[in-house]
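These notes concern the structure reproduced below.
The values are calculated or read from the model by the stated rules, or taken from the named source; none is laboratory data. Quantities reported herein were computed from a predicted structural model and do not represent experimental measurements. Counting neighbours? That spans all protein chains shown, and the Cβs are built from the backbone with ideal geometry, glycine included. These area figures cover heavy atoms from the full protein model, side chains too; ligands, DNA and RNA do not enter into them. Shrake-Rupley method; radii C 1.70, N 1.55, O 1.52, S 1.80 Å.
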Number of protein chains: 6
Amino acid sequence: MPYINIKVTDENVTKEQKRELIHGATKLVVDVLGKDPRTTHVVIDEVNIDNWGVNSTMYSEIIKEK
Amino acid sequence: MPYINIKVTDENVTKEQKRELIHGATKLVVDVLGKDPRTTHVVIDEVNIDNWGVNSTMYSEIIKEK
Amino acid sequence: MPYINIKVTDENVTKEQKRELIHGATKLVVDVLGKDPRTTHVVIDEVNIDNWGVNSTMYSEIIKEK
Amino acid sequence: MPYINIKVTDENVTKEQKRELIHGATKLVVDVLGKDPRTTHVVIDEVNIDNWGVNSTMYSEIIKEK
Amino acid sequence: MPYINIKVTDENVTKEQKRELIHGATKLVVDVLGKDPRTTHVVIDEVNIDNWGVNSTMYSEIIKEK
Amino acid sequence: MPYINIKVTDENVTKEQKRELIHGATKLVVDVLGKDPRTTHVVIDEVNIDNWGVNSTMYSEIIKEK
């Protein structure tokens, strides 16, 4: 019964990419831990780029500088 | 001082249902654990149906098949 | 497919109380939202009383003053 | 490598305030624990005022009564 | 800068399995989303089998019945 | 009513350091957002060094190499 939460910045993650994240994360706990996929939940959170900071800097400013 | 987080798929949860979730979750920890309701917090997260997966399948596809 | 996380301070929560929390939280989302209990997960986190603060004060010190 | 999550009600938090939260939370773990800011992540969640309850009451109703 | 949290029941997950979970979850977001592994964090929570419930039943009782 | 969760690796964080984290995080949301400290909760999670990974590597192995 794993519960997997994937938090990423909200930058146009496509439906197909979400499908792959759900599939890949489920497969990971099934393969490594032998878990039952039927009780494995994956939740993806897309976080606004103003709401995530790393190295004391807002992510929206990090990507602007690139 | 409990903190209760309820994650559900975003499928038109009404304001009245949210009120009942907040009331019921608070009552639960007050009744079972004797907690003080004044420091009991309940946060409801409504998750997009493309962002939740179970059994390796996106929830939006699970409900389409029904 | 709700996922409910209940965080409380670690103060001798008994197995019977945990059973009631799991039962009550599941019943809440079944009754209010019509969710399927078979995909409803409840996770209880017991947090050390030195690791929770409210009103800028460590919980272990709040209960000592009482 | 701290990960800091700040959940607040969604009430017009400005970009400048988010900047200060990211900066202040990072500085806190750098100053107190000697952590490396480059691997310190801060995520701010803004929660709808209907989705947060305290003292068994929806936050949107608490602020209406004031 | 993804942050991935994997919650599983605490049932003797080995160090090698944890290594595989960290490696696999990182690879997933690198492969699917093109994220930088250097800012990808994976946190594994092992939850006591009395503290996880599904279908209104404590996990420690579910596995006893098997 | 902010809720702040600070996740750090479990490396002998002292009681005094926890006090400073609780105090500093509360002060941050009071100063920046004008929040009421009495409903501000801070929870510190100390994560086993085998259970946190960054850059695809277990933290316990990262610090061994230093």
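The table below gives the values:
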quantity	calculated
Coarse-grained scattering of chain F at q = 0.18 Å⁻¹, given as base-10 log I(q)/I(0) from a Debye sum over alpha-carbon atoms	-0.73
Under Karplus coefficients 6.51, -1.76 and 1.60, residue-wise ³J(HN,Hα) of the stretch C:42-50 in Hz, glycine/proline x	10, 10, 9, 10, 9, 9, 3, 5, 7
Distances in nm from F:Lys27 to the matching label points in the other copies, shortest first (labels 7 Å along Cα to Cβ)	1.0, 4.2, 4.6, 4.6, 5.0
Residue closest to axis [chain C; rotation mapping onto F; Cβ; Å]	C:Asp45, 5
Amide H contacts of F:Asn48 (H built 1.01 Å from N, under 5 Å, at least 5 apart or other chain)	F:Asp10
Surface accessible to a 1.4 Å probe, per residue, for the residues of the protein assembly as shown, Å²	42 Å²
Cα-centred dipole magnitude for chain E, charges only on beta-carbon of K, R (+1) and D, E (-1), debye, nearest 20	300 debye
Inter-copy spacing of D:Asp10 label points, which lie 7 Å from Cα along Cα→Cβ, given in nm from shortest upward	0.8, 0.8, 3.5, 3.6, 3.6
3J(HN,Hα) from dihedral phi, the stretch C:28-35, Karplus parametrisation 6.51/-1.76/1.60, rounded to Hz, x for glycine, proline	4, 6, 5, 5, 7, 10, x, 6
For the stretch F:8-22 and chain A, distance of Cα centres in Å	28 Å
Dipole of the stretch F:3-65, positive direction: furthest Cα of F:Ser60, F:Leu33, F:Ile4, with charges on the beta-carbon	F:Leu33
Gyration tensor verdict on the protein assembly as shown (Cα atoms; rounded if a/c is under 1.5, prolate if a/b is larger than b/c, oblate otherwise)	rounded
With every protein chain in place, chain E: carbon and sulfur % of accessible area (1.4 Å)	46 percent
Chain-alone versus full-assembly comparison, the stretch E:18-40, residues with accessible loss of at least 40 Å² (1.4 Å probe)	E:Lys18, E:Arg19, E:Leu21, E:Ile22, E:Leu28, E:Val32, E:Leu33, E:Lys35, E:Arg38
Subset of B:Lys27/C:Lys7; B:Lys35/C:Lys18; A:Lys7/D:Lys64 violating a 21 Å alpha-carbon distance limit	A:Lys7/D:Lys64
For C:Asn55, inter-copy label distances in nm, listed shortest first [label point 7 Å out on the Cα-Cβ vector]	1.3, 4.2, 4.5, 4.5, 4.9
Accessible area that becomes buried as B packs against F, both chains, 1.4 Å probe, Å², nearest 100	400 Å²
